[in-house]
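What follows is a short report on a single structure.
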Amino acid sequence: MATNYELLCLIFSVALSVLLGPNFATGSSIGVCYGMVANDLPPPREVIDMYKLNQIGRMRLYDPNPEALEALRNSGIEVLVGVRNEDLQQLAGSYSAAENWVATYITPYSLQVQFRYIVVGNEVFPGNSARYVLPAMENLQNALSFGDIKVSTSIATSVLGVSYPPSAGAFSQDTIEYMVPIAQYLNNIGAPLLANVYPYFAYIGDPIDISLPYALFTSETVVVTDGGLSYDNLLDTMVDALYAALEKAGAPQVQVVVSETGWPSNGNGEVTTPENAQIYNSNLISHVLSSRGTPRRPGNSTETYLFAMFNENMKPGAAVEQHWGLFYPNKSQVYPINFPVKTLKHKTWFQKLMQWIIQSAQSAFGKHIYGHN
């Protein structure tokens, strides 16, 4: 049974969230992925300080790293926390395993860390673990008996069998068996589909038919016309192909969150320069913050996460894989980039008081809630 202290903190947390609302942003609504496949990165607490210094308001974590979660306490940063692909089978087959996962990685931090989504697997489709994703999502969502945290999964755009023109977007025969039930489940619970969307890979895969300005958001004219819709950038084309596939799958209410996108700054000749990476990411940020949306879903920003915070020197694969970072491990910028704050309103004295009460209650009573000494 909840203690009086726990109920007190919960009541004030809910009250503050209602008072502040979504417009009281403390950082940009653009997120950045915090990958850790490297042996020379600064410690998580310094990384969180970098997010705050650069006004980056959202973060994607690929696994529930305890040191990072500790550093996120009271940071105001919204976080997507990932479930490791290797844990999917256990979480799918055991509700108690899902309860334990939530009790270990979510509950101890839930009053002080702003969890946005739990990302159940990354780019699993198609593959041997694909069948575990939906039952793992269901078990974890059912285990989340508090708050409004939603589960989802993160896909690659290769789940599409058809992606051009965007209105023809449809899941492939290799993935449709899993993607349709997942899409319908997300539609039912009001959660988005997360997608890793990379115009860079589309461009290098077909540089004859895809122009570099179209990929970099620098085209001055419409490049693709699809019925009554016009496209001047490749990212919107790729996202709208996913929307078309979701609609065909019976999930018209599901929003697409771009859980990874970016441009490498080295590793593939003149295509991967710091200049091109800066152009892509800066234009992307401006596009997202414009609230233009996509031609198929206009008027609403596409929630987006840049990949990645750092160059990661242990990532396997082609040379470009180690050069996606906005920062070097020594914390200097690879190229200049800014994260404008879209909406930042001044809190009233009462809202500041409420925030102080919550922090005081958490400080005074946290040991009673979680059994800390």
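Note on Lys150: aspartates and glutamates with a C-alpha under 20 Å away, same-chain residues under 8 apart excluded, are Asp63, Glu78, Asp87, Glu99, Glu123, Glu138, Glu260, Glu303. For Asp63, Asp148, the ranking by accessible surface with the largest value first comes to Asp148, Asp63, using a 1.4 Å probe. Less than 5 angstrom separates the built amide H of Asn74 from those of Val113, all sequence-distant by 5 or more or on a different chain. Work out the charge dipole of segment 34-128 with +1 on the Cβ of Lys and Arg and -1 on the Cβ of Asp and Glu about the Cα centre, then indicate which of Leu91, Asn74, Asn122 is farthest towards its positive end. Highest projection toward the positive end goes to Asn74.
Under Stokes-Einstein, with the Kirkwood radius over Cα pairs as Rh, the value for segment 137-226 at 10 °C and 1.306 mPa s is 102 µm²/s. Across segment 160-171, rounded Karplus estimates of 3J(HN,Hα) from the backbone phi angles (6.51 cos²θ - 1.76 cosθ + 1.60, θ = phi - 60°) give 7, x, 10, 9, 9, x, x, 5, 8, x, 7, 5 Hz, Gly and Pro being marked x. At the residue level, Arg58 shows approximately 40 square angstrom of accessible surface with a 1.4 angstrom probe and all protein chains present. For Glu67, the shell of other residues with beta-carbons less than 15 Å away shows a net charge of -2, using +1 for Lys and Arg and -1 for Asp and Glu.
The listed peptides 235-245, 193-203, ordered by packing as a protection proxy, come out as 235-245, 193-203 (highest mean of other Cβ atoms within 10 Å first). In terms of the mean number of neighbouring beta-carbon atoms within 10 Å, the peptides 210-218, 117-125, 329-337 order highest first as 117-125, 210-218, 329-337. A 1.4 Å probe, protein heavy atoms only, puts the accessible area of Glu99 near 90 Å².
Projecting the Cα atoms of Val239, Pro252, Leu212 onto the charge dipole of segment 188-289 (Cβ charges, centred on the Cα centre) puts Pro252 farthest toward the positive pole.
Fully extending the segment from Asp209 to Ser158, taken as 0.36 nm per residue of separation minus the present Cα-Cα distance, adds 16.5 nm.
Each Lys or Arg adds one and each Asp or Glu subtracts one; over the other residues with Cβ under 12 Å from the Cβ of Gly35, this totals -2.
Met50 exposes around 10 Å² of accessible area when a 1.4 Å probe is run over every protein chain in place. For segment 140-203 versus segment 282-332, the spacing of their alpha-carbon centroids is 19 Å. When Lys and Arg each count +1 and Asp and Glu each count -1, what net charge do the other residues less than 12 Å away from Ser158, Cβ to Cβ, add up to? Here the count lands on -2. Applying 0.36 nm per residue to the separation of Ser230 and Ala318 and subtracting their alpha-carbon distance, the gain on full extension is 28.3 nm.
The values are calculated or read from the model by the stated rules, or taken from the named source; none is laboratory data. None of these values were measured; they are calculated from a predicted model. All Cβ positions, glycine included, derive from the backbone under ideal geometry; neighbour counts span all protein chains shown. The accessibility values were calculated without ligands, DNA or RNA, using every heavy atom of the protein model including side chains. Shrake-Rupley method; radii C 1.70, N 1.55, O 1.52, S 1.80 Å.
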